[in-house]
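Okay, so here's the structure we're looking at.
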Amino acid sequence: MFFYIKRAISDMVKHRFLHSVTLMTITLSIITISVFGLVVMNTSDMIHSARARFRMSIYLKENVSNNDMFELEKNIKQLYGIQQVQFISKENALSMMKEEMKRQSSIFEHLSHNPLPDAFEVQLSDEIQDMDIIERLAMHLEIMPHVESVEYGQQWFGRWIGVLNLFRFISIAIGVIFIMINVVIMGNTIRLTLYAQRDDIEIMRLIGATDFFIKAPYYITGIIQGALGSIMGLIILYGIVCFISNRIEVQLSSMMISIHFLPLTLCVEIIICSMIVGWLGCYLSLKQYLNN
């Protein structure tokens with residue numbers, strides 16, 4: 001095996017321009033694919049972080065008696081997925097709004113009455129993750145007696161989930177495209193190398209060299225280039241992420257949002273997939289060349 005590795009490295013040094021172009025292409029492909037993966041992963045983390053602080057507001061009709069409120073609160077607590085229910089009177093709601101909008105205090109100067117309704121603030125249990133379940137729960141709450149409306153930021157969550165699904169689709173599509181490009185480029189690199197060494201290959205075949213003896217160094221070349229290209233791409237991307245995160249996490253810290261790099265297991269999977277792509281490009285090129 002050491003002999004084949006030595007031949008592969010010698011060939012890469014001998015045809016360093018061709019292999020450098022291939023290596024750069026793999027590196028750029030890995031960076032591009034991983035960028036979309038990072039966006040999807042960090043967007044998912046942001047949604048889950050917001051989901052952990054998710055609250056559903058149930059606004060009540062006017063002039064609801066205390067007994068009716070107590071009965072309504074009891075019925076809400078009995079529903080599946082409800083973890084906690086807190087009553088917020090319209091007086092408390094107005095006080096909280098004034099506290100949050102101190103700089104716009106002039107808005108409240110000419111209020112003749114409190115326009116806010118009494119409300120229940122509901123926290124859902126952790127197992128409720130599906131938006132369809134949340135929507136059905138909201139519809140059920142809206143038809144309960146004394147309930148005026150239910151608000152849970154459905155448009156905001158719907159848009160974020162739509163963006164996340166779009167990035168996932170784009171990541172898969174770009175990943176497939178770049179894999180195909182890398183296979184073609186790797187195949188062309190090996191094909192050009194084979195063409196440059198066609199006399200040596202012909203001599204080896206004439207003296208009885210097996211196909212494995214001829215193919216093995218090229219397979220190892222593809223695997224090495226796939227590994228090196230992916231490692232270089234991940235290192236460059238890690239440096240970029242560290243550079244960016246150090247400058248913007250101060251602004252994001254107030255929102256309890258941080259930027260994370262790809263987990264180690266995923267990085268290992270990317271490297272292995274890149275090595276397989278390198279091997280596949282060599283396999284297809286060698287199969288066509290040797291058959292001819």
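What ³J(HN,Hα) values, in whole Hz, does the Karplus curve 6.51 cos²θ - 1.76 cosθ + 1.60 give for the stretch 231-237 when θ = phi - 60°, with x put for Gly and Pro?
5, 4, x, 5, 5, 4, 5
Counting only other residues whose beta carbon sits under 15 Å from that of Tyr219, what net charge do I get with K and R as +1, D and E as -1? Mind showing how you got there, number by number?
Values: positive: Lys6, Arg7, Arg191, Lys215, Lys287; negative: Asp11, Asp211.
Charge balance in the 15 Å sphere: +3.
Straight-line reach from Lys61: which lysines fall under 30 Å, measuring Cα to Cα and dropping same-chain residues less than 8 apart?
Partners within reach: Lys74, Lys77, Lys90, Lys98, Lys102.
On a straight-distance basis, which lysines could pair with Lys287 in a cross-link, Cα separation under 29 angstrom, same-chain partners fewer than 8 positions away excluded?
Lys6, Lys14, Lys215
Ordering Lys90, Lys98 by how much accessible area each has at a 1.4 Å probe, largest first, what is the list?
Lys98, Lys90
Hey, quick one: spin label on Phe243, modelled 7 Å out along Cα-Cβ, who in the stretch 29-43 has an amide N within reach, i.e. under 16 Å?
Of the residues in the stretch 29-43, 31-32, 35 have backbone N under 16 Å from the label point off Phe243.
Quote to one decimal, in nm, the extra length available between Gln78 and Gln288 on full extension: 0.36 nm per residue of separation minus the C-alpha distance between them.
68.8 nm
Heavy atoms only, probe 1.4 angstrom, no DNA, RNA or ligands counted: give me Asp11, Asp200 ranked by accessible area, highest first.
Asp200, Asp11
Would you mind checking which residues have amide H under 5 Å from Ile88's amide H? H placed 1.01 Å from N; only 5 or more apart, or other chain.
Sorted by chain and number, the residues that satisfy this are Ala119, Phe120, Glu121.
On average, how much accessible surface per residue is there in the stretch 164-209, in Å², for a 1.4 Å probe, leaving out ligands, DNA and RNA?
On a per-residue basis, 63 Å².
What list of ³J(HN,Hα) values in whole Hz, one per residue of the stretch 240-246 in order, does the Karplus curve 6.51 cos²θ - 1.76 cosθ + 1.60 (θ = phi - 60°) give from phi, with Gly and Pro shown as x?
5, 4, 4, 4, 6, 5, 5
Report Lys77's accessible area, 1.4 Å probe, all protein chains in place, as a number in Å² to the nearest 10.
110 Å²
Once the piece of chain linking Glu148 and Ile133 is laid out straight, how much longer is it, given 0.36 nm per residue of separation minus the C-alpha distance between them?
3.4 nm
The values are calculated or read from the model by the stated rules, or taken from the named source; none is laboratory data. Note that this is a predicted model, so its numbers are computed, not measured. For neighbour counting, all protein chains shown are included, and Cβ atoms are generated from backbone atoms with ideal geometry for every residue, glycine included. Note: areas computed on protein heavy atoms with side chains; ligands, DNA, RNA excluded. Shrake-Rupley method; radii C 1.70, N 1.55, O 1.52, S 1.80 Å.
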